[in-house]
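Novice: What follows is a single structure, and I will ask about it in a moment.
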Amino acid sequence: MASIEKRGNSYRIKVSCGYKMNGKQVTQKMTWTPDPDMTVKQIEKELQRQAILFEEDCKHGQIVSAIKFENFAEEWFEDYARLNLKSTTYTRQRQLTKRTYEAIGHIRLDKLTTREIQKFINSLAKDGTNENTGKALSRKTMVHYLSFISTIIDYAIKMDMLSDNPCRRVTIPKGSKKERKILTLDETEKFFKLLQLAPLKYRAFFTLDIYSGMRRGEMLGLEWKDIDFETGVIHVQRTSNYTKEKGIYTDTTKTESSVRFIKVPMEIISIIKLYKVEQDIEIEKMGSKWNHTDRLFVKLDGSPMNPQTPYGWLKEFCEKNDFPCYGIHQFRHLHTSLLIGAGIDPTTVSGILGHSQVSTTLNLYSHMFKENQVKACDAVANAISFTRKNPA
């Protein structure tokens, strides 16, 4: 509630607008001076009206703390993000600050409008923004930038410093979606043949990756105790990641839904068994020099493998064999496309992939599900056509 203080011929109206992240109360003040011709009753009535209007302005975020976006974002990183976000997520958010701060970091939270944010997002769609390719940033990256800004403002709202998020009215430029490249079935068969000549460790890694659809971090987080060699069921329950600050470290899965059980064919389990025998022989040779981590995929001394190692090996392997290399994540997409092509429903596919929501699966692979729907319609049409030509 507003407090009113008489100061000579004027009145000071003060309203509490919540607290800063350091616990200090945020207050806003205004001064109102009555017209000399007003009566005492008129002054009292208008003063109450001015106090109510000012309080409403504060509630609706029209008058807030004068803190600049960059300063508040840094407080968010220190007081919230560092304590609550995964290290990889924290690092990714940090990578978004340079461009964001240059564009809107100097603007006060209460002055940051939809127009200013829209101008910044639009600038990311201009050619030359991506310093590596000389092109515009991808639409997905633009979404990340807008999400970062929105997260900061949402936290300001939570701290009672704002009541509206202008990001909700920002439009992401359509741009062109990057084509998701995956191996064809013929290429996949050729890849498996080439893997016969590869070291057993990488043969096991990429064969398992294709048949399980696991994320790279999940693959590297696998331990021998996670595998049931009798049933072919694998328990996905941790990830192995890397950041510059922490090095290689173990973390929980991306979401709670990512903790799951995956069944792979026994032929794949046979390859993993061979790899286990090979690793056991290496452990015996290394003796006390071996780091007993229980991980499947490790360095020469048994310590967890760097997340970049599988991609580096794959890139070199593909170049050597004149084979297309679309990265590690392509195998997850390949696995998904095979599931959808086999007619597996979205809910089941989502569970296998470890997505937190079915909508995530539908958004990422909408084109594949649509293609499958077309095939289903064709199947019905063909069946009816066959019936007409071949009546009972």
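The values are calculated or read from the model by the stated rules, or taken from the named source; none is laboratory data. Every value quoted in this text rests on a predicted model; they were computed, and no experiment measured them. Backbone-built Cβ (ideal geometry, glycine too); neighbour counts: all protein chains shown.
Novice: Quick one: how many residues across region 321-334 are more than 16 Å from ARG203 (Cα to Cα) and at pLDDT 95 or above?
Specialist: 1
Novice: Ok, one more. Tell me, please, whether a residue that is over 24 Å from the mean Cα position of the chain (by Cα), in contact (Cβ under 8 Å) with a residue 60 or more places away in the chain and assigned to a helix (DSSP H, G or I) can be found in region 213-222.
Specialist: no
Novice: Could we say that GLN308 is touching a Ser or Thr at 6+ places or on another chain (Cβ under 8 Å) and either assigned by TED's automatic domain parsing to the domain that holds PHE206 or modelled with pLDDT of 95 or more (or both) here?
Specialist: In short, no.
Novice: (1) exposed (fewer than 11 other Cβ atoms within 10 Å of the Cβ); (2) of a type in the set (Ser, Thr, Tyr); (3) modelled with pLDDT of 95 or more: which one isn't true of THR387, the others all being true?
Specialist: (3)
Novice: Only residues in region 78-97 that are charged (D, E, K, R) count as the first member; pair them with residues that are at pLDDT below 90 and surrounded by 15 or more Cβ atoms within 10 Å (Cβ to Cβ), Cβ under 8 angstrom, at least 6 apart or cross-chain, and list the lot.
Specialist: So the pair list comes out as ASP79/MET21.
Novice: Output the residues belonging to region 228-250 that are part of a strand (DSSP E or B) and touching a residue at least 60 places away in the same chain (Cβ under 8 Å).
Specialist: VAL236, SER240, ASN241, TYR242, THR243, TYR249
Novice: Test each condition in (1) within 21 Å of TRP313 (Cβ to Cβ); (2) within 32 Å of the chain's Cα centre (by Cα); (3) surrounded by fewer than 18 Cβ atoms within 10 Å (Cβ to Cβ) for GLU278 and report the one that comes out false.
Specialist: GLU278 satisfies every listed condition except (2).
Novice: Given the conditions (1) touching a helix residue (DSSP H, G or I) at 6+ places or on another chain (Cβ under 7 Å); (2) at pLDDT below 95; (3) of a type outside the set (Lys, Arg), and given that ASP345 satisfies all but one, which numbered condition is not satisfied?
Specialist: It fails just one condition, (1).
Novice: For THR113, work out the one condition from (1) in contact with a Pro (Cβ under 6 Å, 6 or more places away or on another chain); (2) under 15 Å from SER147 (Cα atoms); (3) among the hydroxyl-bearing types (Ser, Thr, Tyr) it doesn't fulfil.
Specialist: Of everything listed in (1) in contact with a Pro (Cβ under 6 Å, 6 or more places away or on another chain); (2) under 15 Å from SER147 (Cα atoms); (3) among the hydroxyl-bearing types (Ser, Thr, Tyr), THR113 misses just condition (2).
Novice: Conditions: (1) touching a Leu at 6+ places or on another chain (Cβ under 9 Å); (2) of a type outside the set (S, T, N, Q); (3) within 21 Å of TYR90 (Cβ to Cβ). TYR155 meets all but one. Number of the miss?
Specialist: With respect to (1) touching a Leu at 6+ places or on another chain (Cβ under 9 Å); (2) of a type outside the set (S, T, N, Q); (3) within 21 Å of TYR90 (Cβ to Cβ), TYR155 is out only on (1).
Novice: Does LYS190 fit the bill of being within 23 Å of HIS106 (Cβ to Cβ) and more than 23 Å from the chain's Cα centre (by Cα)?
Specialist: no
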